[in-house]
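The values are calculated or read from the model by the stated rules, or taken from the named source; none is laboratory data. What you see is a predicted model; the values in this text were computed from it and never measured. With ideal geometry, Cβ positions are generated from the backbone for all residues, glycine too; neighbour counts draw on all protein chains shown. Keep in mind that these areas ignore ligands, DNA and RNA; they rest on the heavy atoms of the full protein, side chains included. Shrake-Rupley method; radii C 1.70, N 1.55, O 1.52, S 1.80 Å.
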Amino acid sequence: MEISPFVIFFASIFTSNVLLTNFLGMCSYLSISRDLKSSLGLGQAVIFVMTATTVLNYLVYHYILVPYELEYLMYIVFIIVIAAFVQLVEMVLERFLPNLYYTLGIFLPLITVNCAILGVALFMVIREYNLLQSLAYGAGGGIGWTLAILALAGIRQKVDETRLPKGLQGAGFAMIVTGIMALAFIGFSGIISIS
Amino acid sequence: MASSNYREIAKQTLWTDNPVIRQILGICSALAVTNLVSNTLVMGIGVSLVTGFSSLTVSALRKIMPTRVRMMAQTLIIAFYVILVDIVLRAFYPDMSKALGPYVGLIITNCIIMGRCEAFAQMNKPLISFYDGFMSGMGYTLVLTAIAIVRELMGFGTILGFPILGDWWTPWTIMVMAPSAFFVLASIIWIAHSITAKKSAASDQTINKGVQASGN
């Protein structure tokens, strides 16, 4: 069944949020979400890299790996494509847009090891999306991830001033907030669904 | 000397420096595969083997590896072992491979493996690196199994597919869904941190007492 790219775009932001339902990109999500500004910076970088690498990986998979029957190399090739793309973006930004480089630069190397980027590429292959669907999924996934990290950063800034039980400080608390957020996002699931 | 070293590593990776609850690494797959105990065990064995063999390889190559390309080389080594795990799963356990979906591939970006390669295998002998990596994977498996037991028992009333709780139990649908994974892991982290906080407080007190006694 063909799902419209628009449906995929909105579904990957709300109902099938890569972070809240597929648990992708948790590591940087937990460690960067201490303040809003760096969350936003990382979020922008993730949206950009995720959209671009999903499309790139789609092209590489369908025009290079499938014709030569090299699908089993998928993991290695995807991770190389992502690492090379991030490196390239870093160099281009440094050369031509130094201002943007200083705001996003520190976040770019982090993205290579962000499992959300690789995860979205793997989901794209498993769900057999076409090019437009992959583009929508990559962009929606990035925006959904950014939405989640911004929400958590906002909540954490407020909660930092309150007293928590000792064992719950830090990661434990962030995890419970994320769980409640995931519950709230389940509320969207009546609207659209792609599974 | 050597045996105490091994015991020390086991203690650190399984409890005092457990990768999941202390260092908060490898959370993605920890949450995603824990809805069934069987999925969790397969994933845990996979991660342990990949971590062990990656550490072994990185450690064996540590003297000839140029530092500049170290990260990239480590990623490729890890990806190589993940592909092996993936092929074995697909060939012998196709159902399991389907249930785990992309999370087998995502072992590559599991920070535990890279972390062990960087922190331990880089400066230790191959055999003990393998042990360290494998035990880190076991620490990860331990926490995941605990989460999975809670989730499967409350979500389906079963463990490993065997009915445990009987007909009177009303399954909690929430335990099968995503949010519960966050709640259960958060509770486990909370419990573990509280235990250590209590212990360190107790040992602080004894030290203080000792200081006072010697002062007197």
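Loop-located GluC sites (Glu not before Pro) in region A:81-142 (DSSP state other than H, G, I, E, B) with a sparse environment of at most 13 neighbouring Cβ atoms within 10 Å: A:Glu128. The mean number of Cβ atoms from other chains found within 10 Å of a Cβ in peptide A:174-184 is 6, as a whole number. Here the Karplus curve 6.51 cos²θ - 1.76 cosθ + 1.60, taken at θ = phi - 60°, turns the phi angles of region A:68-85 into couplings of 9, 6, 10, 4, 5, 8, 3, 4, 4, 5, 4, 5, 5, 4, 5, 4, 5, 5 Hz, with x standing for Gly and Pro. Using the Cβ of A:Leu36 as centre and a radius below 13 Å, the other residues enclosed give a net charge of +2, where K and R count +1 and D and E count -1.
Across peptide B:70-79, the average count of Cβ atoms from other chains found within 10 Å of a residue's Cβ is 3. About the centre of its Cα atoms, chain B shows a dipole size close to 640 debye [charges on the beta carbon of Lys, Arg (+1) and Asp, Glu (-1) only; nearest 20 debye].
If you take the square roots of the eigenvalues of the alpha-carbon gyration tensor of chain B and sort them as a ≥ b ≥ c, do you get rounded (a/c under 1.5), prolate (a/b over b/c) or oblate? In terms of gyration-tensor shape, oblate. In loop segments of region A:35-98 as defined by DSSP, the chymotrypsin sites (Phe, Trp or Tyr not before Pro) with at most 15 further C-beta atoms inside 10 Å of their C-beta are A:Tyr68. In region A:152-171, burial by the other protein chains removes 50 Å² or more of accessible area from A:Gly167, compared with the chain on its own (1.4 Å probe, ligands and nucleic acids ignored). Residues of region B:16-47 whose accessible area (probe 1.4 Å, heavy atoms of protein chains only) drops by at least 50 Å² once all protein chains are present, relative to their chain alone: B:Ile24, B:Cys28.
Near B:Thr16: Cβ cut-off under 13 Å, other residues only, Lys/Arg at +1 and Asp/Glu at -1. The net charge is +2. Rolling a 1.4 Å probe over the protein heavy atoms of region B:2-215, with every protein chain left in place, gives an accessible area that is 69 percent carbon and sulfur.
Classify region B:1-90 from the C-alpha gyration tensor, please: rounded if a/c falls under 1.5, else prolate or oblate depending on whether a/b exceeds b/c. Judged from the Cα gyration tensor, region B:1-90 comes out oblate (a/c at least 1.5, b/c at or above a/b).
For B:Ile159, the amide hydrogen comes within under 5 Å of the amide hydrogens of B:Ile164, counting only partners 5 or more places away or on other chains and with H modelled in the peptide plane.
Take every pair of alpha-carbon atoms less than 8 Å apart whose residues are at least six positions apart; their mean separation over the length of chain B yields a relative contact order of 31 percent. Annotation: amide H-H contacts under 5 Å for B:Gly26 (H modelled 1.01 Å from N, sequence separation of 5 or more, or interchain): B:Cys111, B:Ile112. Buried accessible surface for the A/B pair, both sides summed and rounded to the nearest 100, is 3100 Å² with a 1.4 Å probe. 3J(HN,Hα) couplings calculated from phi for region A:23-39 with the Karplus curve 6.51 cos²θ - 1.76 cosθ + 1.60 (θ = phi - 60°) are, in sequence order, 6, 9, x, 6, 4, 6, 4, 6, 8, 8, 6, 6, 9, 5, 5, 6, 4 Hz; Gly and Pro show x. Mind jotting down the distance between the C-alpha centroids of region A:41-97 and region B:84-106, whole Å? So the separation of the two Cα centres works out to 23 Å. Each label was represented as a point 7 Å from its Cα along the Cα-to-Cβ direction; for A:Leu132 and B:Met72 these points are 3.7 nm apart. What does the charge count around A:Tyr61 come to, taking other residues whose C-beta lies under 15 Å from its C-beta (Lys +1, Arg +1, Asp -1, Glu -1)? Counting the neighbours of A:Tyr61, the net charge comes to -2. For region B:129-186, a/c is not less than 1.5, where a ≥ b ≥ c are the root eigenvalues of the C-alpha gyration tensor, and a/b does not top b/c. That puts it in the oblate class. Between B:Trp169 and A:Glu94, the simple label model (points 7 Å from Cα in the Cβ direction) yields a spacing of 5.6 nm. Peptide A:115-121 has a mean of 5 when you count, residue by residue, the C-beta atoms of other protein chains within 10 Å of its C-beta. Probing with 1.4 Å while keeping every protein chain in the model, the per residue accessible area of region B:43-175 equals 48 Å².
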